[in-house]
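Structure record follows, encoded as structure tokens.
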Amino acid sequence: MALINASSPHTRGPVDTGMVMRQVIYATLPGLAILTLLFGIGTLLNVVWAILVAVLCEAAMLRARGRPIALYLRDGSAVVTAVLLALALPPTAPWWLTFIGVAFAIIVAKQLYGGLGMNPFNPAMVGYVLLLISFPVAMTNWVGGAPYRTPDVLESVFQFLGHGALDGLSGATPLDTFRTFAGNADALDRMIVLHGRWAGLGWEWVNLAFLLGGLYLLFRRVIGWHIPLAFLAGLALPALIAWQIDPLRYADPLFHLFSGGTMLGAFFIATDPVSAATSSRGRLIYGALIGILIWVIRTYGGYPDAVAFSVLLLNLAAPFIDYYTRPRTYGHERAKRGAGS
Amino acid sequence: MLARLFRGGTREIFDFPGGIHPPEHKSESNTTPILPGPLPSQLILPLNMHIGAPARPLVQVGDKVLKGQHLAEGNGAVSAPVHAPTSGTVVAIGPRPIQHPSGMDAPCLVLEPDGEDRWGDRAPLDDPFALSPGELLERIAEAGIVGLGGAGFPTSVKVSLGDHQRVRELIVNGVECEPFITADDRLMRERAADIVQGIQVLQYLLNPERTLLGIEDNKPEAAAALRAAAVGADIDVRVVPTKYPSGGEKQLIQLLTGKEVGSGGLPIQVGVVCQNVGTAYALKRALFDGEPLISRITTVTGDAVARPGNYEVLLGTPVAELLQHAGVDKTRLQRLVLGGPMMGFTLHNPAIPLVKTSNCLIAASTDLLPEPEPEQACIRCGACADACPASLLPQQLYWYAKNDDLERAQQQNLMDCIECGACAYVCPSHIPLVQYYRYAKGEIRIQAAERAKADRARERFEARQARVEKEQAEKEARRRARQQANRAPAAAGDNAAALKQASLDASKAYKAAVKAAKEAENRGDPDLTRYQAEVEKRKTAADQAKAAVRDAGKAAPPSTDTHPKAEADLKKQVADASAAYKNALREAKAALAEEREDAATLQSRAETLKAEADRLKAALRDARAGQPASAPTAAPDPVEALKKAVAEASSAYKAAVKATKEAEQNEADDAARLRAEADRLKAKADELKQQLRDAKAAAPATPKAAPSPAAAAAPTTTEPAGAGGQASASDEEAAKQQKRLNALKTAYKMAHKQYKEAHSALDRARRDGAVDLAAMEARVEKLKSKADHTRDALDALMDETKASLLAHTGKDLKTLKLDAARAETALRDKSDELKRLRDTADEDTLKRLTSELGTLEHDAHLARRALKQALEEHGLTEE
Ligand code: SF4
Ligand code: SF4
């Protein structure tokens, strides 16, 4: 008899990090489908390309750091980073843009910090912000979607390869549009892009799709409810108040909830466990602060969307939040405030 | 409480945080009735089947014994005897492998059954309640009953209450929350009436306000059986929702009462005593039937046995024989777990015996309990924190344990972890969290033990110092007395002067003794009474000398009416000694309950104190019987009187504080009044203390030779003179280095351990003639290279660190070590010299030597500290 010698517990739960990551990827599929439907296959191309780059970068870095490649690749975290970043990029992003973003995310924001679990910042958002700051034009160039024409496959491929601007196809997102014309009732009325069924044209469907995916993750218990709920409430509440005060200058809460990267951010990005706060109470605070920040930056800031900035800022604050929200241990009168992480 | 569920109106159940719901796997073993276990060819009875001191054998090899006969007696306050599970012959007494995570051998009695199963004397009680609680406790201890649900703490100790302890709730644990185990389930279904009888004994002993029996809702038959049996008894059967680990003592207390046991405390401190249903059943058997604890019910389950179920096995039955009995399929047996799947230990030697605490045996293939998957990175998902019943942050604990940052780990309450394994169960990255915690806890305990050892060494040194001082003073007094005696026939005036001198010397000696005693008291020296006796003796001598001086003037005989006072003193001593003993015993119990390393020491201390107390008691008896005590009345020494007053005042204050606390806890109305009283008492004590200080200051100072370690500055090996900025930068560097070093060390230790485990598994496989070894070999190779790799990295870093240490302190490690060794050798030589010369040398030499000794001790201390600091700063602990 060769008996196994192991430490207790001798049985493990069914959840597995690789499985968690796979669930996250499945949950992005509706969103990806809608994006492709509305804006052409640019996003799809970018997602595939980003995965490729991410896996290669991860493998190279693991090799350089002398880690077992197969074991760490299996956790799937690189793929998730790649997918989330590619989903956040405009569908017109050429291959090199994606390449820079993903490579930076994996090599610098993740592996140089010590790999999965050690990175203080959400790697996908670090990559996104780097691109936004370095290539602002390419990063705000959206095409297609009503009222414009959706680019066909060939156009998307050309765009991806970095050839030819799609003149006559490009336009601004609803968020951008509202920011430009805020306060001007006439203009706001004329902008078709602002008048979807209940929020911005087209974007409402994108966000709905991500909301669906997020609910799936909640249902499968891959993520907790604390961060998304607090996030959405933190965004909707100030929006509601401001909109009550002046609906011309401030967009309504529904518009905020279903525009830009709100749902993607709330369910897929802010919930990245590595860079978020850890306790339930901490996560409520964390999520709410992200939501509030997004509203503030969208309303007063210089950038059309703010999910990436807000998430990164709160990543920075997560250790502090952890520090002040440590649970009270059994048998202790009150929670100790010890070193955070 | 928010999380409060109401069940059936009065049945109130609370909740505890976290918890998990692993697959139960109970139905494999709980559908068949309890069956008798095998009669093995040999029974192996460890002398330590419980927590506490091992039992002492009463039999010899070759003795024929009867069933139930005492084979070994309990040894000390916390221990339990061993009985013969059946009749037969003792064939060996010696070390045998037993259930221990490290696979250690331990002393065992080996009994060869004769197959007749003949009972020895049994003394069943018709009505145990006719006995006094004390007598019952004695019987329970005699029957060798220990907690059968958990760690095996002697039941007689657990249910004997201190003077002020009051039990509000007696909690009987029938939860059995671990998967696979059904021993208590079947026991409750089949023998509910016996359990109820056992509980009634507990009620009689503890007199609780209420008795709650907790049982999980996945055992409806057991609950029904107990409810039926408990009709008319004052037992409240409460069904709790199935959730692991609701059967943990602390969690069950929380579930049923909403109370939490304070960190590091015992349930009795919140008025709760917990007992397992199996223990209650054993109590019944012991008292009503006169059968000591010689068998228990053990679940045998898993997919590698043909007849899973519950067996009533004789203690000492080897695991292999029980498996055989249950129809084991050796080709399927890949993992053997003693205990449950969440907290049990894997066995690799099926020869080990089942003991009083063995509640379950899982014989599983890797289909049922698969091999642990490789550990992946922590993604900080927090699943572990959500599952932790103690509301810890397991991911943080893991982080600190892995980096050997024991201090932070302790700050994060690592010691409150109950090792339930819920966190490791849910961890998606397959991190063996509990293994890390056990490792870190072990390290912390080792460190604490080392610290304690160092403290004891220092105390010993100081005590010796005091003794030397005292002896010197005595000798001096003797010498003077001799001189004086020689000169006695001389002129009267001379005589008076000599007497005065003698009196002065004697009072000096007395003061030195007082001081020594006080120091001993501060230290908590167990020999305190000896010092106190010494003080009495000196005092007598001094008083006599004083009286002699007076007499020389007045020629009046000294009064000797001292009897009552001596007796009062003795009485006080007896009281003190027995209080000290009780304290020590309590401490030892707590230590045992926590399985602390120093439990044995504490226990032996308690023993010493008990002996002391007994001795004093005997002395008191003698004194009362009229033997004249030799202590004459003392002119009341103001310092002494004050000291006594201070002691009394401060103990009054402490009592008041305690009363206040209790009152506050109970939210009594008079808490405020009590607090005011306590404040008043404190003020009084303070005032007295001040008076005492003044009085002491007024009294002449006694000579003092003991070195003061703080006296000299310690500039030997501190930082080199560098710019402040540089220094802090290099500090940071050093801290970083240390962290890296620690992390590497842990990594190496873990890697090495894994390699060793794999290696021994391979060896075993080879021995057992397994065929397919290639995969294992490859794994061993891989692990070995990993360990080697880490070792290399560690060595490189060590070298680097040593180099930087050299650059940093100007001395390399070797020099520092040499320094320390040299200083210590010098110290030893000097103290040897002092010892040698003590009786021959004159006073001045001795004084010189003593002070030299002091200096040397100080040097050695400094050198050692410098070494230690260097080691710590640079993360180089001695290997
Ligand atoms: S469950 Fe495992 S992976 Fe998740 S935070 Fe805890 S230790 Fe890390
Ligand atoms: S093993 Fe310790 S840290 Fe893990 S869940 Fe149990 S009590 Fe919490």
Worksheet item: Across peptide B:362-374, how many C-beta atoms of other chains are within 10 Å of each residue C-beta, on average?
Response: 3
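What is the extension gain from B:Met104 to B:Thr32, computed as 0.36 nm multiplied by their sequence separation minus the C-alpha to C-alpha distance, in nm to one decimal?
22.4 nm
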Item to complete: Measure nothing fancy, just the Cα-based angle from helix A:42-64's long axis to the longest principal axis of chain A, in degrees from 0 to 90, nearest 10.
Response: 30 degrees
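Report, as an integer, the average count of C-beta atoms from other chains found within 10 Å of each Cβ along B:334-347. The partial results should precede the final answer.
Numbers: counts 4, 6, 4, 7, 0, 2, 4, 5, 4, 3, 3, 5, 7, 2.
The per-residue average across the peptide is 4.
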Discussion item. Taking θ = phi - 60°, what integer Hz values does the Karplus form 6.51 cos²θ - 1.76 cosθ + 1.60 yield along segment B:679-691, in sequence order, with x for Gly and Pro?
Written reply: 4, 4, 4, 5, 4, 4, 4, 4, 4, 4, 4, 4, 4
Discussion item. Can you order the peptides A:293-300, B:271-278 by their average number of other Cβ atoms within 10 Å per residue, highest first?
Written reply: B:271-278, A:293-300
Practice prompt. Among the trypsin sites (Lys or Arg not before Pro) in segment A:34-135, which ones are in a DSSP loop with at most 13 other Cβ atoms within 10 Å of the Cβ? Mind listing them?
Written response: A:Arg65
Response to the item:
The ³J(HN,Hα) series, computed from each phi in segment B:746-760 with the Karplus coefficients 6.51, -1.76 and 1.60 at θ = phi - 60°, rounded to the nearest Hz and given as x for glycine or proline, is 4, 4, 5, 4, 5, 4, 5, 4, 4, 4, 4, 4, 4, 5, 5
Worksheet, complete the sentence: Projected onto the charge dipole of segment A:16-170 (unit charges on the beta-carbon of Lys, Arg, Asp and Glu, signs +1, +1, -1, -1), the Cα from A:Gly117, A:Ser77, A:Asn46 with the largest positive-side position is that of A:Gly117
Fill in: Backbone N under 12 Å from the B:Glu112 label point (7 Å along Cα→Cβ), restricted to segment B:43-72
B:43, B:62-64
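Counting Lys +1, Arg +1, Asp -1, Glu -1, what net charge surrounds B:Leu287 among other residues with beta carbon under 14 Å of its beta carbon? Before the final figure, lay out the partial values.
Numbers: positive: B:Arg122, B:Arg139, B:Lys284, B:Arg285; negative: B:Asp126, B:Asp127, B:Glu135, B:Glu138, B:Glu142, B:Asp194, B:Asp289, B:Glu291.
It works out to a net charge of -4.
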Item to complete: Among A:Ala138, A:Gly162, A:Ala86, flag the residue with its Cα farthest along the positive direction of the charge dipole of segment A:16-170, charges on Cβ as +1 for Lys/Arg and -1 for Asp/Glu.
Response: A:Ala86
Practice prompt. For B:Ser760 paired with B:Ala803, estimate the spin-label separation in nm (one decimal), with each label point 7 Å from Cα along the Cα-to-Cβ line.
Written response: 3.8 nm
Worksheet item: Highest mean first, what order results for B:146-156, B:60-70, A:13-23 on Cβ atoms within 10 Å?
Response: B:146-156, A:13-23, B:60-70
Worksheet, complete the sentence: Each label sits 7 Å from Cα toward the beta-carbon; between B:Thr815 and A:Ala59 the label points are separated, in nm, by 5.3 nm
Worksheet, complete the sentence: The FRET efficiency for B:Ala457 and B:Arg408, from their Cβ-Cβ distance with R0 = 22 Å and rounded to 0.05, is 0.15
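Would you mind checking the pairs B:Lys571/B:Lys654; B:Lys158/B:Lys682; B:Lys658/B:Lys689; B:Lys453/B:Lys475; B:Lys500/B:Lys571 and listing those with alpha carbons more than 27 angstrom apart?
Working: B:Lys571/B:Lys654 22 Å; B:Lys158/B:Lys682 35 Å; B:Lys658/B:Lys689 21 Å; B:Lys453/B:Lys475 33 Å; B:Lys500/B:Lys571 34 Å.
From the list (B:Lys571/B:Lys654; B:Lys158/B:Lys682; B:Lys658/B:Lys689; B:Lys453/B:Lys475; B:Lys500/B:Lys571), the Cα-Cα distance tops 27 Å for B:Lys158/B:Lys682; B:Lys453/B:Lys475; B:Lys500/B:Lys571.
Between B:Gln447 and B:Glu687, what FRET efficiency follows from the Cβ-Cβ distance if R0 is 45 Å, with the result rounded to 0.05?
Details: r = 42 Å, r/R0 = 0.92.
The calculated FRET efficiency here is 0.60.
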Practice prompt. Report the charge-dipole magnitude of segment A:16-170 in Debye, nearest 20, computed about the Cα centre from +1 at each Lys and Arg Cβ and -1 at each Asp and Glu Cβ.
Written response: 460 debye
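Counting partner chain Cβ atoms within 10 Å of every residue's Cβ in B:425-435, what's the average?
Working: counts 7, 4, 5, 13, 8, 5, 1, 5, 2, 3, 3.
That works out to 5 on average.
What FRET efficiency do you get for B:Asp795 and B:Ala351 if R0 is 56 Å and r is their Cβ-Cβ distance, rounded to the nearest 0.05? Kindly include the intermediate steps, with their values, before the conclusion.
Working: r = 39 Å, r/R0 = 0.70.
Efficiency, from the Cβ-Cβ distance: 0.90.
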Worksheet entry | Degrees separating the helix A:307-324 axis from the principal Cα axis of chain A, which is the longest one | 30 degrees
Worksheet entry | Net charge contributed by nearby residues that have their C-beta within less than 13 Å of A:Thr173 (K/R +1, D/E -1) | -1
Response to the item:
Most packed first (mean Cβ within 10 Å per residue), the peptides B:324-331, B:44-51 order as B:44-51, B:324-331
Worksheet item: So what's the angle, to the nearest 10 degrees on a 0 to 90 scale, between helix A:17-39 and the longest Cα principal axis of chain A?
Response: 10 degrees
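None of the figures in this text is laboratory data; all of them are computed from the coordinates on show. Model, not experiment: these values are computed from the prediction. Because the Cβ atoms are built from the backbone with ideal geometry, glycine has one as well, and the counts that use them run over all protein chains shown.
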